[in-house]
Amino acid sequence: MNELLGRDARVLWSFWLACALAVTGGLGTLLIPLSGPNRLANAVIPYAVAAGAMAANALLYRRGRSVATALYFLAGVAIVYGMLLMFSVPLRLAVTGTCPDPPAFCPAGLERGFSNGEVTGFTLAIITGVLSILSGFFGLLMLYRSRPKILESAPMARVIPPHREPAPAAPEAAPTAAPETGPDSTGAEKSGPAPTLS
């Protein structure tokens, strides 16, 4: 029983840890690059969805493994989507090019390179997102390895007797005819019609 309780606590705290990591990653993309341009702020919404799904998983995982799996899948997809949003920014900068460092003139259609705040927020969000997915997976793994709870009083098993062939019936004896003048079943003799006096 203590093993089951310890495993249950690990499942619970791994989901809460995954929620906290997703919140940290989302806030990192929003708050760290405040000193300059912030092109990572779009990742806050997927990370918030992932944090909500992990929190719901921590509260509802006892309702069944299918519910926990669906919530974990939703959180994982949201985190990966947020990562793809963040990866699109450096990819776009690599394809279109960046402006030269100030005070040089920036041509139209080009963007500034990553600032130090954006690099820090990007790194923090990626690391916490991966750790959140791994922590949730650990909780899901512990949930699937847990044994079902043993019933205190097991239901009684139904016992069915083996099938037996019925024994053949003994042949009945043929009835014998009683003599007409012999004693009947009451011991009295049968008599014919009473004689008449002339």
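The values are calculated or read from the model by the stated rules, or taken from the named source; none is laboratory data. This is a predicted model, so every value here is computed, not measured. Please note: Cβ atoms are built from the backbone with ideal geometry, for glycine as well, and neighbour counts cover all protein chains shown.
A few remarks follow.
- Among the candidates Asn57, Asn42, Asn116, Asn38, the residue that is surrounded by 14 or more Cβ atoms within 10 Å (Cβ to Cβ), at pLDDT below 85 and polar (S, T, N, Q) is uniquely Asn38.
- Test: residue in the stretch 75-94 that is of a type in the set (A, V, I, L, M, F, W, C), modelled with pLDDT under 85 and farther than 24 Å from Ala53 by Cα: yes
- Any hit, the stretch 38-54, residues being of a type outside the set (Gly, Ala, Ser) and within 21 Å of the chain's Cα centre (by Cα): yes
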